[in-house]
Amino acid sequence: MRNLKITLAYDGTRFVGWQRQVEGESIQGLLEEALAKFEGGPVTVHGAGRTDAGVHALGQVASANVTFEHPTDTLVRALNAQLPADVRVKDVAEAPSDFHARFSARSKTYRYQMRSGTVADPFTRAYVWHVGERLDIDTMRSAAASLLGTHDFGAFQCAGTPTSSSVRTITRSEILEERDVIAYEVTGDGFLRHMVRSIVGTLVEIGRGWRPAESMAQLTAGGTRAQAGATAPPHGLFLVRVDYH
């Protein structure tokens, strides 16, 4: 039995998300179907992050136990021949038997892209959230920096999602400006469902002047989901990288 570590990128626009669903096409389902053709039977794939419908990935990681003996470099080409053009396997590597894409992860990095202004760009509309108003970037940066460290992020969690703890450690949280794109990049040891999108929605409200920058720190000190900002749309979010020990 081999344990494979598979790194892939995908445009999440038309998918129901990473995880298999009763209806609709998922990334997990497509990868399992492609691997099953080499295995000659069902293959279960585990992903590092369960990206939602419409969310993209530059460096998603999956793990799968298989018995076939195809070389890893051959598998990259063979899997991509089976997958649609909006899903690409970037690398396949042998992994230790105890490696698990999700539970072995040390940290994940996400990026959320926005653009402010009166006219949206039709060429990036599937990958950037267009915010009509001009945003106060300096105030947003101050609010983003207050998330560094270990905090309770329950105020940014999707309501009704069961979890043993909403405490997470954030090691990077910053606003970047690249030409006409405003990006929020965050690295942490784990993320709650909709956590990044809820943080972004709150940052945008701060940038619009609807709430003070200090409110971000207050939300991590016992705030509720109702007190945080709206959840940003999924199409601006990318899973950039998953790091392991």
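The numbers here are math on the coordinates, done by the rules we state, and not lab data. All figures in this text were calculated on a predicted structure; none of them were measured in a lab. Cβ: placed from backbone, ideal geometry, glycine included. Neighbour counts: every protein chain shown.
Miscellaneous remarks
- Amide N proximity, the stretch 1-38 versus GLN82 label position 7 Å along Cα-to-Cβ, cut-off under 13 Å: 28-38
- Compared with the dominant principal axis of the Cα atoms in the chain, helix 27-39 is inclined by about 10°.
- For ALA145, net neighbour charge (Lys/Arg +1, Asp/Glu -1) across residues whose Cβ lies under 13 Å away: -2
- For a straight C-alpha distance cut-off of 27 angstrom, the lysines reachable from LYS108 (same-chain residues fewer than eight places away being disregarded) are LYS5, LYS90.
- 14 Å beta-carbon shell around GLU33, net charge (K/R +1, D/E -1): -1
- log₁₀ of I(q)/I(0) at q = 0.08 Å⁻¹ - the chain, Debye sum with one point per alpha carbon: -0.33
- Net charge, VAL89 excluded, C-beta distance under 12 Å - Lys, Arg +1, Asp, Glu -1: +2
- Were the residues from GLN227 through LYS37 laid out at 0.36 nm apart, the gain over their Cα-Cα distance would be 63.5 nm.
- The length gained on full extension between VAL22 and GLU174, counted as 0.36 nm times the residue separation minus their Cα-Cα distance, comes to 51.0 nm.
- √(5λ) per eigenvalue of the Cα gyration tensor, the stretch 107-244, largest first, Å: 23, 17, 14
- Karplus-based coupling profile of the stretch 56-68, in residue order and whole Hz: 9, 9, 9, x, 5, 10, 10, 10, 7, 8, 9, 10, 5, with θ = phi - 60° in 6.51 cos²θ - 1.76 cosθ + 1.60 and x standing for Gly or Pro.
- Approximate shape of the stretch 26-123 as ellipsoid semi-axes (Cα gyration tensor, √5λ), whole Å, largest first: 29, 17, 12
- Listed peptides 193-202, 52-61, 125-134 appear in the order 193-202, 52-61, 125-134 once ranked by packing, highest mean of other Cβ atoms within 10 Å at the front.
- Remark: spin-label model distance ALA145-ALA217 equals 1.1 nm, labels positioned 7 Å along the Cα→Cβ axis.
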